[in-house]
Amino acid sequence: MNSKRTLLKTVAAAALASLAMGSALAADFTGAGASFPFPVYSKWGEAYKAATGNAMNYQSIGSSGGLKQIRAKTVAFGASDAPVKAEDLEKDGMVQFPAIVGGTVPVLNLEGFKPGELRVTGPVLAEIFMGNITKWNDAKLMALNPGKNLPDASITVVHRADGSGTTFNFTDYLTSVSKDWADKVGKGAAVKWPAASSVGGKGNEGVAANVNRVKGAVGYVEYAYVKKNNMNFMQLQNADGKYVSPDDKTFASAAAGADWFSVPGMGISMVNAKGAESWPISTASFILMYKQPTDKAQSAEVLKFFDWAFKNGKQMAADLDYVALPDDLTNAIRTKVWSQIAK
């Protein structure tokens, strides 16, 4: 009899443990996509787990990968720095909203220069990535940097090898400032890189590693990766003709005039924004979710996470030199966008 009672207790305990495990697993959720916001999503995820016990697993696989995953319904949310067009959102039955603002930065590996010491304009930057400017002591670069001892060294162009929202942001900017780039290359999450010296790297991580490894290299990465990898960067001339450095203040200046709801799906471009302090390659990173999710519990957890991050994650974002969305915008996202997602 005692053994039977013990067996029943063991079975009951196992059942309760199974239920508890099931509910714990239900509170964990996965997203995938852009490497651009990975540092801040990771930081938010750590803090959210500490606060709630619920884990957010984010896979930094590039914006194109994130779109594939959410369309395959293998993740609870997708993340992309290249906003999805309104007609595609409608076709897929998805909503899209910005989660964070940051900036893409031209980086270089050139001895003897401090971060921000070299200056470049948009059109000259486009010529470098076109392969028209192949040496660091090219006359156009020397004219922008009088008195600087630019070496007779070859330029190696480093770009993303994967489909990338960072590439979309960067090529969106080059397209806006260079007719030659617009006509011959254009903008996209993946483009055909024209410079003969071009080499690819996977993710912001891969581009940063290649630039730091190859002498004379130039590339583009999200600013958090500049800081994390102690990278050299160029000052960039903005739409007001001012040379600016990348940081949270210049990203915020670019975002200040953004009219988010002027475009269905909020997919606006902030490149070459007006403003004396505006960083010209600023962008938002976007979240994609289904209006009718197959797993409503997972979808609800995603919204709880971003709700928490919007309220509690501002300082964490600022510490990494991202720009958190203002409260009036996140309130509008809750009422206008999240309200479309079935609970």
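Read the figures in this text as sums done on the coordinates, not as results from a lab. What you are looking at is a predicted structure, and each value in this text was computed from that prediction instead of being measured. Here the Cβ is made from the backbone with ideal geometry for all residues, glycine too, and neighbour counts use every protein chain on show.
Work out from phi, with θ = phi - 60° and the Karplus expression 6.51 cos²θ - 1.76 cosθ + 1.60, the ³J(HN,Hα) of each residue of region 278-295, listed in order in whole Hz, and give x for Gly and Pro.
6, 6, x, 10, 8, 7, 9, 10, 10, 10, 10, 9, 7, 5, 10, x, 6, 10
Local charge sum around R71 (other residues, Cβ-Cβ under 12 Å, Lys/Arg +1, Asp/Glu -1)?
That works out to +1.
Listing F233, F129 from the residue with the fewest other Cβ atoms within 10 Å to the one with the most, what is the order?
F233, F129
Does region 104-257 come out rounded, prolate or oblate, given a ≥ b ≥ c as the square roots of the eigenvalues of its C-alpha gyration tensor, rounded meaning a/c under 1.5 and, failing that, prolate meaning a/b above b/c?
Verdict is rounded for region 104-257.
Going by the alpha-carbon gyration tensor, a ≥ b ≥ c the square roots of its eigenvalues, is region 281-342 rounded (a/c under 1.5) or, if a/c is not under 1.5, prolate (a/b greater than b/c) versus oblate?
prolate
Net charge around E117, counting only other residues with Cβ within less than 14 Å of its Cβ (Lys, Arg = +1; Asp, Glu = -1)?
Neighbour charge sum, excluding E117 itself: +2.
Please list, in chain and number order, the residues 5+ apart from M94 or on another chain whose amide H is under 5 Å from its amide H, with Hs placed from the backbone.
Sorted by chain and number, the residues that satisfy this are K291.
Using 12 Å as the cut-off for backbone N distance, which residues of region 36-67 belong to the label zone defined by a point 7 Å from the Cα of A27 along Cα→Cβ?
Those under the cut-off are 49-56.
Over region 104-257, what relative contact order in percent results from Cα pairs under 8 Å that are six or more residues apart?
Here the relative contact order equals 37 percent.
So what's the angle, to the nearest 10 degrees on a 0 to 90 scale, between helix 327-336 and the longest Cα principal axis of the chain?
With both axes taken from Cα atoms, the answer is about 60 degrees.
List R160, R334 from most exposed to least, where exposure is judged by having the fewest other Cβ atoms within 10 Å.
Ordered by Cβ neighbours within 10 Å, fewest first: R334, R160.
If we count other beta carbons within 10 Å of each Cβ, what is the order of W338, W279, fewest first?
W338, W279
To test your reading of the geometry: what angle, between 0 and 90 degrees and rounded to tens, separates the Cα axis of helix 296-312 from the longest principal axis of the chain?
For helix 296-312, the angle is close to 50 degrees.
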